[in-house]
1. Any idea what the alpha-carbon Rg over 2.2 N^0.38 Å comes to for the chain?
2. I need the trypsin sites (Lys or Arg not before Pro) found in region 1-80, filtered to DSSP loop residues with at most 16 other beta carbons within 10 Å of theirs.
3. What residue among Glu73, Glu265, Glu250 has the largest mean-square fluctuation in a Gaussian network model of the chain, using Cα springs under 10 Å?
4. So which trypsin sites (Lys or Arg not before Pro) in region 191-279 end up in coil per DSSP with only 10 or fewer other C-beta atoms within 10 Å?
5. For Lys36, list the aspartates and glutamates whose Cα falls under 19 Å from its own Cα; do not include residues on the same chain fewer than 8 positions away.
6. Once you have the Cα-Cα distance between Arg63 and Lys176, take 0.36 nm times their residue separation minus that, and quote the gain in nm to one decimal.
7. For the chain, what does the helix formula give at 222 nm: sum of -39500 (n - 2.57) over DSSP H segments with n ≥ 4, over the residue count, nearest 500 deg cm²/dmol?
8. Checking the table Lys24/Lys74; Lys24/Lys65; Lys176/Lys222; Lys179/Lys284; Lys176/Lys284; Lys238/Lys261 against a 23 Å threshold on Cα-Cα, which pairs fail?
Amino acid sequence: MNDQISRLENEAREDLARADSAEKIESFRVAYLGKKGKLTELFKLLGTVPPEEKKAVGAELNRLKQWLEEAVEKGKGNAPRTDASREIFDETLPGIRPPQGSIHILQQTIQEISAIFHRMGFETVEGPEIETEFHNFTALNIPLDHPSRDAFDTFYTPQGQLLRSQTSTVQIRVMKDRKPPLRIIAPGRVYRPDTVDASHSFMFHQIEGLMVDSGATFSDLKGVLHLFLRELFGSQTKIRFRPHFFPFTEPSVEVDIQWGKGWLEILGAGSVDPNVFDEVGYDKAVTRGFAFGLGVERIAMLRHGINDIRHFYENDLRFLRQFA
Ligand code: DAH
């Protein structure tokens, strides 16, 4: 019986060391302390122990039970034993491999995209997620009555701030802080009160780009985006610039890539509107620049055949491990 107890104890220590999540701790508890648990089964054998040993064996069982309960309570491996003299360490057992994390697929995508722009001399800048109306709208030439300023399309705080709905805010922050020439990208989270479904989330990621330089023309924008999209999607990628409207660029385009038989919109871009230069205190008569913005989830979904945006946020290891 004493052998059985110490064998069970060793087994429990090994299982416990592997129980690295709340669920595993719970199944560990059930396996040992549950109604049909291994320790519970041993307790049932107490009746077969000769009367003169019963007391000692019972005490051992209770000691093990208490240790197991404490270990479960602490929710972590290798809770200290009360009786150190009984320690058994088998150094011939293989080591326990600690679980290793990996970079989330969205972060990998941001890193890959950023690396392409870094090679073209762009630098990464970050901005806050809680923003002012000035940075998110006004300075970007978005009029007060524009639908995106509505509470249905932007999260406002009771203090009159908002969760940025686009990374274009960072353009404004950088231009207010610095003088041209500028070549920056700004990755980060943005928020919109959309109903969550397979292609919408109340939070997602964008990467903004901005170049300001006296010679930064629309053809430079085309060159930069061509190079970028071919690096990302392959050198044979067909690219289409389609006229569009954004308040902060003039002219504006949406950029599509050929996908199967059709075209898919990949990003928005344009020459920075002179009104924006005015807002940040640049001389709009001589300053030139271009900007672009893209959605990270969309690009990751296309490249990896992911069919539901919610996969990115649910921390399901079966999904995440495919990109480890
Ligand atoms: N901010 C735009 C959006 O969220 C994306 C965008 C379009 C950014 C054009 C730009 C741009 O910098 O030039 O839909």
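1. Relative to the rule-of-thumb radius for its length, the chain sits at 1.52.
2. Of the trypsin sites (Lys or Arg not before Pro), the ones in loops of region 1-80 whose Cβ has at most 16 other Cβ atoms within 10 Å are Lys35, Lys36, Lys76.
3. Glu73
4. Here the trypsin sites (Lys or Arg not before Pro) that fit, given the DSSP loop and packing criteria, are Lys261.
5. Glu9, Glu11, Asp15, Glu23, Glu26, Glu69
6. Working: separation 113, 0.36 × 113 = 40.68 nm, distance 6.79 nm.
That works out to 33.9 nm of additional length.
7. Rounded to the nearest 500, it is -11500 deg cm²/dmol.
8. Among Lys24/Lys74; Lys24/Lys65; Lys176/Lys222; Lys179/Lys284; Lys176/Lys284; Lys238/Lys261, the Cα-Cα distance tops 23 Å for Lys176/Lys222.
No value in this document is a laboratory result; all are computed from the given coordinates. Bear in mind that the values here come from a model prediction, so they are computed numbers and not experimental data. Heads up, the Cβs are rebuilt from the backbone with ideal geometry, glycines too, and the neighbour counts pull from every protein chain shown.
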